[in-house]
Amino acid sequence: MSLVLSSVLLLLHVLSPPPAAPTLGAKSLRPSFNSFKRDYLLVYSVIMLADWMQGTHMYTLYQSYGVNVSALFLTGFLSGAFFAPWMGGVVDTYGRRLSCVVYCVLEIVINVMEHSTDFKVLLAGRVLGGVSTNLLFSAFESWMNSEHKKRGFPSSWQAEVYAASSV
């Protein structure tokens, strides 16, 4: 449920047209930046919370199916390691917003696949899980960086967003 909520929040946020880049001084940009930071942190927090909540229950779920749990986890980790070198280029090529939306769609598909007791379906879900994890930890921050720059905010303000998102 939390993943669906996070997906809806993300879609609403990333599909809304961004405001035109302001050309005013830094002091007059502060209200716009605060709004941008708040919106990003809301979506980022919900997405991360959904990922963390999902992760805590996967072992128990897989164990209840009577399948090789370690093979499933290993598949997810190896998939993440395999796709990681190319994911940054994919995000840059196809777009950061689209990559965030693809992450949400992948997570929905993965959650549906996790309800299958067929080991092959579960393995495919873990391969997709490796891809989605790479997107989670690259696309959202890349989008924030590019949007921050596009809106004309001082680069020194990015530290505020990163500090708040690491808490």
Compute the FRET efficiency between Ser165 and His115 as 1/(1 + (r/R0)^6), taking r as their Cβ-Cβ distance and R0 = 35 Å, and round to the nearest 0.05. 0.65
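If you roll a 1.4 Å probe over the range 31-82 with all protein chains in place, what percent of the accessible area is carbon or sulfur? Don't skip to the end; give the middle numbers.
Numbers: 1980 of 2910 Å².
Here it works out to 68 percent.
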What order do Arg38, Arg96, Arg151 take when sorted by accessible area (1.4 Å probe), most exposed first? Arg38, Arg96, Arg151
Rolling a 1.4 Å sphere over the protein heavy atoms, what is the accessible area per residue of the range 72-127, to the nearest Å²? 55 Å²
Compute the FRET efficiency between Tyr59 and Val105 as 1/(1 + (r/R0)^6), taking r as their Cβ-Cβ distance and R0 = 41 Å, and round to the nearest 0.05. 0.95
I need the phi-derived Karplus couplings for the range 116-126: 6.51 cos²θ - 1.76 cosθ + 1.60, θ = phi - 60°, integer Hz, Gly and Pro marked x. 8, 9, 6, 4, 5, 5, 5, 4, 4, x, 6
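If I compute solvent accessible area with a 1.4 Å probe over the protein chains, what percent of it on the range 118-167 is carbon and sulfur?
Heavy-atom surface of the range 118-167 belonging to carbon and sulfur, 1.4 Å probe: 61 percent.
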Divide the volume of the convex hull of the Cα atoms of the range 51-167 by its number of residues and quote the answer in cubic angstrom per residue. 107 Å³
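The values are calculated or read from the model by the stated rules, or taken from the named source; none is laboratory data. Computed from a prediction, not measured in an experiment: that's the story for all the values here. Here the Cβ is made from the backbone with ideal geometry for all residues, glycine too, and neighbour counts use every protein chain on show. Note: accessible area is taken over every heavy atom of the protein model, side chains too, but ligands, DNA and RNA are not part of it. Shrake-Rupley method; radii C 1.70, N 1.55, O 1.52, S 1.80 Å.
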